[in-house]
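Heads up, the thing below is written out as structure tokens.
The values are calculated or read from the model by the stated rules, or taken from the named source; none is laboratory data. Note that this is a predicted model, so its numbers are computed, not measured. Note that we place each Cβ from the backbone using ideal geometry, even for glycine, and neighbour counts take in every protein chain shown.
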């Protein structure tokens, strides 16, 4: 979808059209979810602090988000997807992969299917979408951003080799700012540059990412579209407008965080068809210098089963979060800007508690 949240707001309020707007908070530490294309002309972008965005564009209109509206629009859009295939893998409310290999609509043409979906989305929601059509997920994702807004870009199998040769390596999944700079240090800025290097250099210097770098640089991506994913975690976090100066202030925030997460978790648990048990609890602490730590623990004497109706284990879990928070704060002992707590969920109800393996002392070899 094209600047999805902002597009919904512009659709619903004509006064917001043709002026720079962004979706986000207005407090001193708020960040933006997205911005419309008028705002992007001034350098405003998603994940940018609101204060910075207002400096770049003083007449920017910042709108508080309305997730109910966005979810309603997303449901409408996904219903359209499922008219063509059940192989739909949502990435977020406004983006999804569709495997249309077996779709017989539009004479089986993926390009015509994409165009028809774009048309139906606009017809039913008055919102625009951009589409990428390609042989695999990596290339389809890249192509979907190629002609925004309201565009479509097609990469046929025969065109893959020529397309990727000049593609910036930063377009590859997993290549962020740090990895991009590291690649640049080896003289690699495009996918074509990756293939010019000795594969051992890539594998030795980029670890688990190495094989993917080589495959993606060739335009190869064998990942399937997964229409259902099991939830692996459940968490809540909050960035505070003013730093929490000490451990005591952090501990004061814990009951409210725990209560809110408990309510959300119990609602999800009721709706889930086969909710997995909790296997770990963790606490995240981000300090005023932006360094963060995460401390987690698996229950040692019994397994973390899901909340019962009487919430018998709530007190026990809250005490565990308190212990983890103290451990996390001890690592830095300075003011805190963000706190988060969460569960990790298991896909195996019979999983046993994990124990640290004892390692023998290393001997010095001469």
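Restricting attention to helices (runs of 4 or more DSSP H) lying wholly within the range 1-92, give those where 1 or more residues are touching a residue at least 12 places away in the same chain (Cβ under 8 Å) and within 18 Å of the chain's Cα centre (by Cα).
Values: elements: 4-12, 37-40, 50-56, 67-81.
Counting at least 1 such residues, we get 4-12, 67-81.
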What's the number of the only condition in (1) at pLDDT 90 or above; (2) part of a loop (DSSP other than H, G, I, E, B) that residue 231 fails to meet?
(1)
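Is it the case, given these coordinates, that residue 210 is under 25 Å from the mean Cα position of the chain (by Cα) and at positive phi? Please lay out each step first, then the result.
Numbers: under 25 Å from the mean Cα position of the chain (by Cα): yes; at positive phi: no.
Answer is no for this residue.
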Check the range 198-209 and report whether any residue there is modelled with pLDDT of 95 or more, within 30 Å of residue 87 (Cβ to Cβ) and surrounded by 16 or more Cβ atoms within 10 Å (Cβ to Cβ).
no
Identify all residues within the range 96-110 that are surrounded by 15 or more Cβ atoms within 10 Å (Cβ to Cβ) and either touching a residue at least 12 places away in the same chain (Cβ under 8 Å) or in contact with a strand residue (DSSP E or B) (Cβ under 7 Å, 6 or more places away or on another chain) (or both); write none if there are none.
96, 97, 98, 99, 100, 103, 110
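Look at residue 178 and say whether it is assigned to a helix (DSSP H, G or I) and either modelled with pLDDT under 95 or in the same structural domain as residue 280 (by TED's automatic domain parsing) (or both). Give the derivation first.
On the way: assigned to a helix (DSSP H, G or I): yes; either modelled with pLDDT under 95 or in the same structural domain as residue 280 (by TED's automatic domain parsing) (or both): yes.
It is true that residue 178 is assigned to a helix (DSSP H, G or I) and either modelled with pLDDT under 95 or in the same structural domain as residue 280 (by TED's automatic domain parsing) (or both).
Kindly establish whether residue 126 is over 24 Å from residue 221 (Cα atoms), out of contact with any helix residue (DSSP H, G or I) (no Cβ under 8 Å at 6 or more places or on another chain) and touching a residue at least 12 places away in the same chain (Cβ under 8 Å). Break it down into steps so the answer makes sense when it comes.
Numbers: over 24 Å from residue 221 (Cα atoms): yes; out of contact with any helix residue (DSSP H, G or I) (no Cβ under 8 Å at 6 or more places or on another chain): no; touching a residue at least 12 places away in the same chain (Cβ under 8 Å): yes.
Criteria not met by residue 126.
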Hits in the range 248-268 (condition: farther than 13 Å from residue 317 by Cβ, surrounded by 13 or more Cβ atoms within 10 Å (Cβ to Cβ) and out of contact with any strand residue (DSSP E or B) (no Cβ under 9 Å at 6 or more places or on another chain))
251
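Quick check, is residue 118 touching a helix residue (DSSP H, G or I) at 6+ places or on another chain (Cβ under 7 Å) and within 27 Å of residue 13 (Cα to Cα)?
Details: touching a helix residue (DSSP H, G or I) at 6+ places or on another chain (Cβ under 7 Å): no; within 27 Å of residue 13 (Cα to Cα): yes.
Spelling it out, it is not the case that residue 118 is touching a helix residue (DSSP H, G or I) at 6+ places or on another chain (Cβ under 7 Å) and within 27 Å of residue 13 (Cα to Cα).
Here's the yes/no breakdown for (1) buried (at least 16 other Cβ atoms within 10 Å of the Cβ); (2) out of contact with any helix residue (DSSP H, G or I) (no Cβ under 6 Å at 6 or more places or on another chain); (3) at pLDDT below 95:
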residue: 8; (1), (2), (3): yes, no, no
residue: 24; (1), (2), (3): yes, no, yes
residue: 39; (1), (2), (3): yes, yes, no
residue: 42; (1), (2), (3): yes, no, no
Give the number of residues within the range 135-169 that are surrounded by fewer than 20 Cβ atoms within 10 Å (Cβ to Cβ), out of contact with any strand residue (DSSP E or B) (no Cβ under 9 Å at 6 or more places or on another chain), assigned to a helix (DSSP H, G or I) and touching a residue at least 24 places away in the same chain (Cβ under 8 Å).
3
